[in-house]
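Down below is the structure, laid out as structure tokens.
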Amino acid sequence: MSMPSALPAGARLLHVGPHKTGTTALQSAFHQARAELTRQGVRYVSRSRHDAKAARYVTGRPVPGRDPVRAERAWHAVVGELTASGDHRRVFSSEFLSDASDEQIVRILEEVGGDDLWVAVTLRPLARILSSQYQQGLQRQSTYGYDAWLRVVLTDVTAAEPREFWTRHRHDELVRRWAERLGPERVVVVVLDPRDHDFLPHAFERLLGLRPETLAGQDAKENRSLTADEAELLRRFNEDYTALGLGPEHYVRLFHHLKDHLKAREPAAVEPGLVTPDWAIGQANDIGREMADRIRALGVPVHGDLDSIAATPLAGVATTPEPPAAVDAAVAAWFAAGLALAADRLAAVPQPAEPARGLRGRLSRRA
């Protein structure tokens, strides 16, 4: 498969994801190799592994309960680094930039500037994204079962969740939005290779003129998938949490401390994961073929096998397996311990003050 050529000295690169396309591992590699990148003339524009709040700010997707002023400052800091003078290459990576509308892309380009700017879009098969994106929704208080979620996303495009999903994962439209404003020659598409996990970091090494293994040689963090038991336990927790009338701001703070504990558990090899049924894989492959054709027609450079986004093999499962009726005690105990840990950490952190009742009322009336 072809690999990209190095961008010119002084080039700026925005990696816009989308979600579930190796972004966490790539950002981890950038963060770990930060000092070496600098020695090779590349600056990773993020003060942490992933400065998500900056991208969320500019795309109008703030996290409930988080300080919007800090998010605005984070975005302006990113803009400042991207627009600073110098011959070094700079890269900012955030999958939340895939949420940007046409109008928001215009704003981003006005603030960052279009000269010497490239955009990278990373892709993997839509059928392999479905279960990962469902699990991401569970971590944001969703109560959908997997089968119900699949049917809503693939058949009911008027519902809220499908609108968000397709903004990110109608990949032909994502590429179009950036290519129309920046030019197709400035939008680089990299298709992940499931047989070669180093293909993605190697592609970015080539784009940024880095020595081989600068990124691929890092011990990059990857998000593991939830097991079927974990997913169902979290879904039921979300139902009960919502029934108690607890708000999204508290959920965000709670899950901020809970998520790493959940993913730290090492599932046994026999623990089943979520299974995407053949009807959903077939629909996803059909959509993938349409997206691949439209991406080709846009004339953007593509590295990797674009046809692979429409070639996920069927699983041999006609219908979505029923969720577990009972959850393993070890899984439940680990989850409960994580809640205790989150509660302890929350108790040690000052919570943001609630707006005064009168002010809250005035703000509500203005809205």
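The values are calculated or read from the model by the stated rules, or taken from the named source; none is laboratory data. Just so it is clear, the structure is predicted and the values come from calculations on it, not from any experiment. All Cβ positions, glycine included, derive from the backbone under ideal geometry; neighbour counts span all protein chains shown. The accessibility values were calculated without ligands, DNA or RNA, using every heavy atom of the protein model including side chains. Shrake-Rupley method; radii C 1.70, N 1.55, O 1.52, S 1.80 Å.
Tabulated results
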quantity	calculated
Identity of the residue in region 60-101, loosely packed, with under 13 Cβ neighbours inside 10 Å and at positive phi, that ends up farthest from the chain's Cα centre (by Cα)	G86
Which listed residue, of Q135, Q104, Q139, is over 16 Å from the mean Cα position of the chain (by Cα) and over 17 Å from Y44 (Cβ atoms)	Q104
Residue, surrounded by the fewest Cβ atoms within 10 Å (Cβ to Cβ), within region 254-305, restricted to residues that are over 22 Å from G145 (Cα atoms) and of a type in the set (D, E)	E266
Answer from V91, V58 - the residue that is β-branched (V, I, T) and in contact (Cβ under 8 Å) with a residue 60 or more places away in the chain	V91
Matching residues in region 165-194 - criterion: being under 22 Å from W279 (Cα atoms) and free of Cβ contacts under 8 Å to residues at least 24 places away in the same chain	W166
Entirely in region 152-245, the helices (runs of 4 or more DSSP H) that have 1 or more residues that are more than 26 Å from I105 (Cα to Cα)	199-207, 228-243
Residues (over 17 Å from the mean Cα position of the chain (by Cα) and either surrounded by fewer than 23 Cβ atoms within 10 Å (Cβ to Cβ) or in a helix (DSSP H, G or I) (or both)) located in region 28-41	Q32, R34, A35, E36, L37, T38, R39, Q40, G41
Odd one out for A216 among (1) in contact (Cβ under 8 Å) with a residue 12 or more places away in the chain; (2) over 25 Å from D260 (Cβ atoms); (3) surrounded by fewer than 22 Cβ atoms within 10 Å (Cβ to Cβ); (4) in contact with a helix residue (DSSP H, G or I) (Cβ under 9 Å, 6 or more places away or on another chain)	(2)
Failed criterion for V190 (all others in (1) open to solvent by 20 Å² or more (accessible area, probe 1.4 Å); (2) touching a Phe, Trp or Tyr at 6+ places or on another chain (Cβ under 8 Å) hold)	(1)
Residue within region 42-59 that is open to solvent by 40 Å² or more (accessible area, probe 1.4 Å), acidic (D, E), over 17 Å from R206 (Cα atoms) and within 21 Å of the chain's Cα centre (by Cα) present	no
Any pair with Cβ under 6 angstrom, 6 or more apart, that starts in region 119-148 at a residue that is over 30 Å from A6 (Cα atoms) and ends at one that is charged (D, E, K, R) and assigned to a loop (DSSP other than H, G, I, E, B)	S132/K20; Q133/K20
Within region 80-131, tally of residues that are part of a helix (DSSP H, G or I) and not basic (K, R)	24
Flag if V157 is closer than 26 Å to L246 by Cβ and modelled with pLDDT under 95	no
